[in-house]
1. Which shape class applies to segment 153-260: rounded if a/c is under 1.5, otherwise prolate when a/b exceeds b/c and oblate if not, where a ≥ b ≥ c are the square roots of the Cα gyration tensor eigenvalues?
2. How big is the gap, in Å, between the Cα center of segment 81-151 and the Cα center of segment 2-21?
3. Does segment 18-257 come out rounded, prolate or oblate, given a ≥ b ≥ c as the square roots of the eigenvalues of its C-alpha gyration tensor, rounded meaning a/c under 1.5 and, failing that, prolate meaning a/b above b/c?
4. Longer than 30 Å from Cα to Cα, which of K109/K311; K31/K326; K109/K133 are they? Say none if no pair is.
5. Suppose R0 equals 35 Å. What FRET efficiency, 1/(1 + (r/R0)^6) with r the Cβ-Cβ distance, do H142 and D293 give to the nearest 0.05?
6. Could you calculate the FRET efficiency of Q66 with K3 from 1/(1 + (r/R0)^6), where r is the beta carbon distance between them and R0 is 41 Å, rounded to 0.05?
7. What FRET efficiency do you get for R182 and R360 if R0 is 30 Å and r is their Cβ-Cβ distance, rounded to the nearest 0.05?
8. State which entries of K197/K256; K187/K256; K113/K226; K187/K266; K59/K292; K233/K271 exceed 29 angstrom in Cα-Cα distance in the structure shown.
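Throughout, read-outs are computed from the coordinates displayed, never taken from laboratory work. Everything quoted here is computed from the prediction, not taken from an experiment. Because the Cβ atoms are built from the backbone with ideal geometry, glycine has one as well, and the counts that use them run over all protein chains shown.
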Amino acid sequence: MTKRVFNFNPGPATLPLPVLEEAQKDLLNYKNTGMSVMEMSHRSKEVSELIEEAEALMKELLEIPQDYRVLFLQGGASSQFYMVPMNFLREGSEANYIITGSFAEKAYKEAVKIGPTHIAASTKEENFTRIVKPEEIKLSSHPAYVHITSNNTIYGTQWHAFPDFGDIPLVADMSSDILSRRFDVSKFALIYAGAQKNLGPAGVTVVIIRPDMLERVPDHLPTMLKYDTHAEKNSLYNTPPVFAIYMVTLVLRWVKNSGGLAAIEKQNEEKAKVLYDVLDNSGGFYRGHAQKDSRSLMNVTFRLPNEELEKLFLSEAADQGIVGVKGHRSVGGMRASIYNAMTLEGCRALADFMKEFQRRHG
Ligand code: PMP
């Protein structure tokens, strides 16, 4: 393959071409320092400035209240599965989970190891084809927090309106849809996201945290697992993943230069429509996994009439430079991940291929 493909991988995922080109330009000599950003001290002015800029751009783009903190941690979103209960699950309370997919379930299972938990709602019985309805949510008597997964990467479902539990802290795993649309951050006590879908390369996890939550962190926790450690030291308590943070900064600048979140959101809606229209107009040849009102704008999941056709679909798509569309084994079929960096052009190429494939094999 000599040219770049249309890459629909679920994460790590395609990055904006201008970002990769800029990183390439900076690689040997960052800002006339004579070294790359990977080779310099994390205590240098350049690196502190990068982290400050990343936090400021996150706040600007997502309209995060100024007193919230944005942290850049390691260990992936999966480490947040246990950090959240370790930091916030107090005696006499229960960690509440709304289970809408495998990652939500993984988060719940980690909390079970830490303390009392409660499943407030789940769509597992329906193979996670939808998000829960507000009336299905039943909280425990003393919830420490309620945890949701805003976008279910594997199943292709997404919350379109977030639940509101008043004073009970709302915690969200937004790994696969952060920065893809506008929403009211002030309704959340904590948001976390692995970077490798919408924000940059793997290796850094972004945590957005409300200041009062930092005060709840118990002293006895290991230093690295306390959110307040990282907040007090501006994500520089230990050596942070500098290159990944640098890439996130470039992605954030790219989002800003692309017109900010409103423009990105509009483009994401347009992109998803191109693909969902093909499913809806295929007369049942392409069957979506998600129920319509729970459809994700980030991961479009669908099946073909049989597994032979699915295999053929993948190989013919690859011949046309369309890759990464194989679905997760728990759903089967296809999944097109169309995060911010996937272009409308890429979605149209996939949609045209799908229509053509149906004409030939339908
Ligand atoms: N949560 C969601 C919604 C995800 O999609 C993923 C990764 N695909 C994870 C958590 C796990 O992230 P990580 O690999 O960064 O631990």
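1. On the way: a/c = 1.86, a/b = 1.09, b/c = 1.70.
Oblate, because a/c is 1.5 or more while a/b does not exceed b/c.
2. With segment 81-151 and segment 2-21 each reduced to a Cα centre, they are spaced 33 Å.
3. Prolate is the answer for segment 18-257, as a/c is 1.5 or above and a/b outweighs b/c.
4. Values: K109/K311 34 Å; K31/K326 40 Å; K109/K133 22 Å.
Those over the limit are K109/K311; K31/K326.
5. 0.65
6. Numbers: r = 44 Å, r/R0 = 1.07.
For R0 = 41 Å, the calculated efficiency reads 0.40.
7. Details: r = 40 Å, r/R0 = 1.35.
That gives a FRET efficiency of 0.15.
8. Details: K197/K256 17 Å; K187/K256 23 Å; K113/K226 17 Å; K187/K266 22 Å; K59/K292 32 Å; K233/K271 40 Å.
Over 29 Å Cα-Cα: K59/K292; K233/K271.
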